[in-house]
Amino acid sequence: MTVQETYEVMKQKLSNFLPDFEIKYKAELAYQINQLKKEKNAIILGHNYMEPALFHSIPDIVGDSLELARKAAETDKDIIVFCGVRFMAETAKILNPTKTVLLPAAKAGCSLAESITAEDVRKLKKKYPGVPVVTYVNTYADVKAESDICCTSGNAAKVVESFNTDAVIFLPDEYLAKNVAHETGKRIIFPTRTPRSKNQQELDYEIIGWTGRCEVHEKFTVEDIENVRSQFPKVVILAHPECSPEVVQASDFSGSTSAMIKYVEQISAPQYLLLTECSMGDNIAAANPGKEMLRMCSVRCPHMNEITLEETLQSLQKIRYVIEVPEEIRQRALAPVQKMLTIG
Ligand code: 13P
Ligand code: SF4
């Protein structure tokens with residue numbers, strides 16, 4: 001595609017809410033990135049939270065964490081550029097040790113991934129011997145390496161139900177754990193808050209959680225939902241499972257980022273409100289001009305926000321920032337990640 005063709009494609013998707021000069025500027029960047037991508041035999045994976053101009057121009061594949069991890073496992077390209085956050089790029093590296101995995105920002109962290117360390121997991125395993133550890137994919141490689149299986153928001157309940165044990169340790173998202181407990185009918189405790197059981201053999205709970213939270217999704221409240229419903233009585237509200245259980249239960253649908261996109265595309269409603277990262281509403285609106293997306297977002301994920309077209313261009317030009325996972329940790333993290341991919 002030429003610069004002009006790139007601009008035309010982007011204009012078709014973005015002209016409802018982006019000024020033309022902005023589309024022209026971003027089309028130039030997207031063109032250069034797509035040229036370099038070909039030259040360097042790279043693939044670009046883009047998370048659903050990428051800003052609209054990036055989302056609709058350079059990724060070969062867009063999707064939620066699970067879909068992108070699957071695509072990362074399948075690619076035969078030499079370089080994987082991950083337009084997402086660090087834990088996602090690390091997962092790609094765990095699956096592809098011989099490939100170069102690039103994250104276009106030096107840090108692009110995640111409040112959930114920062115909430116727990118490998119040492120925390122080792123202590124929990126000591127405290128609850130024999131209890132399997134399910135770890136949300138929003139964690140760093142050394143935490144995954146201490147786990148029996150990983151999960152994403154797309155398969156968390158199925159992963160928990162795949163165990164026949166009396167209990168599972170589910171880390172580190174407090175709200176996702178509570179939502180999974182609600183969905184699966186299991187009882188939950190938080191050992192950082194609840195005194196230790198006297199007899200570890202007699203567990204009177206089935207999910208042992210941790211108190212990590214997503215700094216974006218924890219902001220949404222039931223009052224916000226009540227307020228929106230009184231203003232737009234027919235609005236359909238979708239909440240990511242990193243929202244509190246009260247928010248999820250007051251919503252009409254909850255699912256991974258891709259599950260929410262599919263739901264909006266399939267269900268006909270006067271308006272839709274997404275209780276998740278702001279950019280996703282823009283991306284859906286761009287791809288589905290007939291859908292009226294309401295916005296209730298004052299918080300963009302600051303980590304996803306670090307990934308821009310400018311940084312992605314620099315990433316491919318300078319081959320930066322290269323994701324490395326120590327081989328000993330990678331090998332131990334591989335099995336839990338691969339198990340996650342087998343559970344749909
Ligand atoms: P998904 O796996 O649903 O895409 O979510 C990733 C994430 O970080 C949500 O905040
Ligand atoms: Fe992490 Fe929340 Fe940002 Fe997702 S939205 S990357 S969970 S901080």
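No value in this document is a laboratory result; all are computed from the given coordinates. Just so we're clear, the structure is a prediction, and the values are computed from it rather than from any experiment. No Cβ is skipped: glycine too gets one built from the backbone with ideal geometry, and neighbour counts run over all protein chains shown.
Remark: the Cα gyration tensor places region 203-344 in the oblate category, a/c being 1.5 or greater and a/b not exceeding b/c.
Between the Cα long axis of helix 3-14 and the first principal axis of the chain there is an angle of about 60°, rounded to the nearest 10. Comparing 293, 313, 342 along the charge dipole axis of region 209-344, the residue lying farthest to the positive side is 342, per the Cβ-charge model. When the charge dipole of the chain is built from unit charges on Cβ atoms (+1 for Lys and Arg, -1 for Asp and Glu) and taken about the Cα centre, the candidate among 157, 221, 208 whose Cα reaches farthest toward its positive end is 208. By how many degrees, between 0 and 90 and to the nearest 10, does the Cα long axis of helix 118-127 differ from the longest principal axis of the chain? In the chain, helix 118-127 runs at an angle near 20 degrees to the longest axis.
Between 0 and 90 degrees, the angle of helix 174-184 with respect to the longest Cα principal axis of the chain falls at about 70 degrees. Placing +1 on each Lys and Arg Cβ and -1 on each Asp and Glu Cβ, with no other charges, gives the chain a dipole about its Cα centre of roughly 540 debye.
Our coupling estimate for region 83-88, obtained by passing each phi through the Karplus curve with A = 6.51, B = -1.76, C = 1.60 and θ = phi - 60°, is 8, x, 10, 4, 4, 5 Hz, Gly and Pro reported as x.
Of the residues 141, 55, 176, the one whose Cα sits farthest towards the positive end of the charge dipole of the chain is 141 (charges of +1 on Lys and Arg Cβ, -1 on Asp and Glu Cβ, taken about the Cα centre). Taking the Cα centre of region 180-324 as origin and assigning +1 to Lys and Arg Cβ atoms and -1 to Asp and Glu Cβ atoms, the resulting dipole is close to 140 debye. Potential lengthening of the chain between residue 327 and residue 249 amounts to 23.9 nm, from the contour at 0.36 nm per residue minus the alpha-carbon distance. Taking only the C-alpha atoms of region 14-162, Rg followed by Dmax gives 17.8, 60 Å.
Note on the chain: GNM, Cα springs under 10 Å; of 13, 37, 77, the largest mean-square fluctuation is that of 77. Taking 151, 110, 297 as the candidate residues, the one with maximal mean-square fluctuation in a Gaussian network model of the chain, Cα springs under 10 Å, is 297.
Return the whole-Å distance between the Cα centroid of region 242-289 and the Cα centroid of region 128-166. Cα centroid of region 242-289 versus Cα centroid of region 128-166: 26 Å apart.
Peptides 168-174, 249-255 ranked from most to least packed give 168-174, 249-255, packing being the mean of other C-beta atoms within 10 angstrom over each peptide's residues. Taking a ≥ b ≥ c as the square roots of the eigenvalues of the Cα gyration tensor of the chain, is the shape rounded (a/c under 1.5), prolate (a/b larger than b/c) or oblate? In terms of gyration-tensor shape, oblate.
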